[in-house]
Amino acid sequence: MELLTFIRRARPLGLHLDDVRTVLAIRDGGTPPCAAVRELLDARIREIDAALDDLLALCQTLAETRQRADDCSGDEPVAVCAIIKTGQ
């Protein structure tokens, strides 16, 4: 039961199944796995921070492109939408 509870609590924290296996292997080796768990949590925090940075940059690019869209008349002869073309 303790094992299932650990797995159920680890998944919403974003720990991957491989991470859970690693923690359990450390525990099964007779060593408290808390240091490994801290490292895994730190790694997930870094991953999420990087993803947030990417999403914020994308949001900024989308907002700037949308702002330029207001200035686009749509009368230009192009094969594809000029809003996207001018974003380059």
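The values are calculated or read from the model by the stated rules, or taken from the named source; none is laboratory data. Model, not experiment: these values are computed from the prediction. Because the Cβ atoms are built from the backbone with ideal geometry, glycine has one as well, and the counts that use them run over all protein chains shown.
If you take the residues in the range 1-32 that are assigned to a helix (DSSP H, G or I) and of a type in the set (Ser, Thr, Tyr), which one is surrounded by the most Cβ atoms within 10 Å (Cβ to Cβ)?
Thr22
Is it true that Asp75 is modelled with pLDDT under 95, charged (D, E, K, R), surrounded by fewer than 10 Cβ atoms within 10 Å (Cβ to Cβ) and in a loop (DSSP other than H, G, I, E, B)?
Here the answer is yes, as Asp75 does meet what is asked.
Of the conditions (1) surrounded by 12 or more Cβ atoms within 10 Å (Cβ to Cβ); (2) among the basic types (Lys, Arg); (3) modelled with pLDDT of 95 or more, Arg46 clears all except one; give me its number.
Among (1) surrounded by 12 or more Cβ atoms within 10 Å (Cβ to Cβ); (2) among the basic types (Lys, Arg); (3) modelled with pLDDT of 95 or more, Arg46 violates only (1).
Select from the range 21-72 the residues that are in contact with a helix residue (DSSP H, G or I) (Cβ under 9 Å, 6 or more places away or on another chain), of a type in the set (Val, Ile, Thr) and more than 30 Å from Glu2 (Cβ to Cβ) and list them in ascending order.
Scanning the range 21-72 gives a single hit, Thr65.
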